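As structure tokens, the structure follows; a few thoughts come after it.
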Amino acid sequence: MPETNMNIPGVDRIVLLKNTDIFRDLPDEELIRLAARMIERSYPPNHAIVREGAAGDAMFIIANGRAEIRKRDPRNNDFDVAITTLGDGAAFGEMALLTGNPRSATVMATSTTKVLVLMKNDFDVLLHEHQSLSIELSRIVAERIEEMKSRESLGAVSLSLNTLKRDEAIMACIPEQLARKNKMLPVSYANGKITLAVVDACKVVAIDEIKRAVQQKYPKAFFDLVIVNEDDFFKFMDEEYKSLVSSIEDSLDIESFVDSMDHIQSDILKEFALEEGGDEDLGVPDIAKEAEGAPIIKLTNSIIAMALKKGASDIHIEPMEKEVRVRYRVDGDLQEDMVLPKKIQLPLISRIKIIAKLDITERRLPQDGRITIKMGNRSIDFRVSTVPAKFGEKICTRILDKTNTTLGLDKLITHPPVMGIVREMIRKPYGIIYVTGPTGSGKSTTLYSSLAEINDVKRNISTVEDPIEYDLRGVNQIQVNPDIGLDFARVLRAFLRQDPDVILVGETRDKETAKITVEAALTGHLVFTTLHANDAPGTFMRLTEMGIEPFLVSASIIGVIAQRLVRKICPNCKEAYEDPAALEYLGLPPGTTLYRGKGCGACRNSGTRGRIGVYEVLNVTEDIRHLIAEGASTLAVRDAALAGGMLSLKDYCLILLEEGTISVEEVLRTVVVQN
């Protein structure tokens, strides 16, 4: 049922009336009287404002929201056909008032829609008092009649697929070949209704075929038709459909990877029964046997599958005193997902060590291994690390999707001036570029994206990594193996005899590696590497602590990219608000609009969804080069860089804040704000 008394301000009513074809020529005093006569109503989504066949006793103007005009298809009474969509300021219903005939179509609110309603009695008074209004109505009626005559059939009216709400899961429920053959595609699902986009509404048999296919997965759904243009349909299928559905197919692969997670814990407790007693009572053969049992295999697979479904970057399996905790890192935050019985600890950890090719008999020393899973065209690596903790071995698994290497710098660095500086740096013929930041801040992604930009057949590019995180086409990638003495320094020395143009060093960990990378940069090679430092100016102090002479650093360095990953506001529940105190603290102009996420199902009520990079790019100029050579303090280097136009991590965060991409809380969590 509609709600009344919405209290739309009088000024807003008059503006709406002035923007309506019928009333725009009325004098202001009459508009004021007309606005006072109109009733206010609000309709929730998927509720009819008017229904086809009902009495035409009022006309409507949409103050805010969206609605669809729908007609019953005379060829197939199972469907309503969407004729067109209406937005703010649209008027409808005046035809029924003029002719006295029943409503010729249904108007359905597709979102919360507020309307102004003019009843028939007030409408008749207006026609009697204003001849100009009668003339304008006659013109509009003539145009509508001409438009209706021009339609040879119901299918002559079509909407664009780009204007429709789209649900990838619904699109994926029928084969692409079937959709193309029948020129029909289910595009969305809401409140038990599936919207079916069709090129020809007359193909009743084809519609029934699609309906049966969809109802295999949605047996209780009913359908609405939307007519779309044939060229538009095939353009969508060729360009957008494949990428949209492929992500869903990956998700379906994950879903089919295991059974439902809802019952996994109870299943394990039922199927996996160990006798009472401490874990130490189990010998290695017993543990290995339990680790190969179906319940433990199922649990392990489920933990991995849930991580992929959540989009987690890490899995933490942590033995506690009386239980085992499983946590996932999603968008930078750790989330506890399940707590398992203590009896499962040894078999579960042993199962992971077995598939990572680690020694299950060694529990006193840290171990590192790897698991690779093929899912369709995706190759996903899991870097497994174990450490002995107080209550047993803790396992941390880093998840790496090796197919995700085509991001591009322009998609990582969203601020064009900073993007320009980075591109200028990576196109230098020789020198060294450091990328700094804490673990998990996206350094490897930045390095790979940089290499992808300069990768061509004319360059010999070689990388030394531990481990190789992504596959890069046309690049020579070597993984270190300390067990046989193949460390970073040894591979780097070998690289210099391989005629390299560009060298990537996964991480500068020690003095020997740092010294060789600097020497490579000084002898005409372009070198990329990562370093753990808090910010860009702090890189030089870190290198000094590692024993690298300042004059060597100043002569070899091109620049430093410091970065962090921050959480983006969820677009589905984003809201604006005012906070003068926060603006003053952050040094932003008064009146700046701030944004935050309220929390919704799409973001699991966190208010954030996805992450974006924050960058501090220090381009080493001659002035800064002299400061580095002189061993100047980090503060002096920072002041010179800021004076030269460098954006600090805080400055970059504030840009994203003003754009409405991140929240105040995320700025304060990520960087130190100094006044």
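Derived scalar couplings between HN and Hα for the stretch 219-229 equal x, 9, 6, 10, 10, 10, 9, 10, 7, 10, 5 Hz in order, rounded to whole Hz, by the Karplus curve 6.51 cos²θ - 1.76 cosθ + 1.60 (θ = phi - 60°), x for Gly and Pro. Listed values for the stretch 538-554 are Karplus-derived 3J(HN,Hα) couplings in whole Hz (6.51 cos²θ - 1.76 cosθ + 1.60, θ = phi - 60°), namely x, 4, 5, 5, 4, 5, 5, 4, 7, x, 8, 5, x, 5, 6, 5, 5, and x replaces Gly and Pro.
Give, in whole angstrom and from largest to smallest, the semi-axes √(5λ) of the equivalent ellipsoid of the stretch 552-621, with λ running over the eigenvalues of the Cα gyration tensor. Walk me through the intermediate numbers first.
Numbers: eigenvalues 235, 75, 10 Å².
Working from the Cα gyration tensor, I get semi-axes of 34, 19, 7 Å.
Heavy-atom surface analysis with a 1.4 Å probe gives the stretch 520-572 a carbon and sulfur content of 52 percent of its accessible area.
For the stretch 580-675, rounded, prolate or oblate, judged on the Cα gyration tensor with a ≥ b ≥ c (square roots of eigenvalues), a/c < 1.5 rounded, else prolate if a/b > b/c?
Values: a/c = 3.22, a/b = 2.17, b/c = 1.49.
Taking the square roots of the gyration eigenvalues as a ≥ b ≥ c, the stretch 580-675 is prolate.
With Cα atoms as the point set, the stretch 507-639 shows a radius of gyration and Dmax of 20.4, 55 Å.
Would you mind checking LYS343/LYS390; LYS353/LYS568; LYS193/LYS309; LYS574/LYS650 for any pair whose Cα atoms are more than 24 angstrom apart? It would help to have the intermediate numbers written out before the result.
Details: LYS343/LYS390 16 Å; LYS353/LYS568 35 Å; LYS193/LYS309 26 Å; LYS574/LYS650 22 Å.
Violating the 24 Å Cα-Cα cut-off are LYS353/LYS568; LYS193/LYS309.
Inter-label distance, GLU545 to ASP333: 3.1 nm, where each label sits 7 Å from its Cα along the C-beta direction.
Cα-Cα over 28 Å: which of LYS181/LYS298; LYS71/LYS120; LYS310/LYS394? Write down the numbers at each step before the final one.
Values: LYS181/LYS298 40 Å; LYS71/LYS120 23 Å; LYS310/LYS394 21 Å.
Beyond 28 Å: LYS181/LYS298.
Here the 3J(HN,Hα) profile of the stretch 118-125, calculated from phi with Karplus coefficients 6.51, -1.76 and 1.60 at θ = phi - 60°, is 10, 6, 4, 4, 5, 5, 5, 4 Hz, Gly and Pro shown as x. For the stretch 328-347, no residue has its backbone nitrogen under 13 Å from a point 7 Å from the Cα of ASN605, taken along Cα to Cβ.
For the stretch 302-413, the calculated P(r), taken from all Cα-Cα distances in 10 Å bins from zero up to the bin holding the longest distance, is 13, 43, 32, 9, 3 percent.
The values are calculated or read from the model by the stated rules, or taken from the named source; none is laboratory data. Source: prediction; values computed, not measured. Note that each Cβ is placed from the backbone with ideal geometry, even for glycine, and that neighbours are counted across all protein chains shown. Side chains are part of the model used for accessible areas, which takes the heavy atoms of the whole protein and leaves out ligands, DNA and RNA. Shrake-Rupley method; radii C 1.70, N 1.55, O 1.52, S 1.80 Å.
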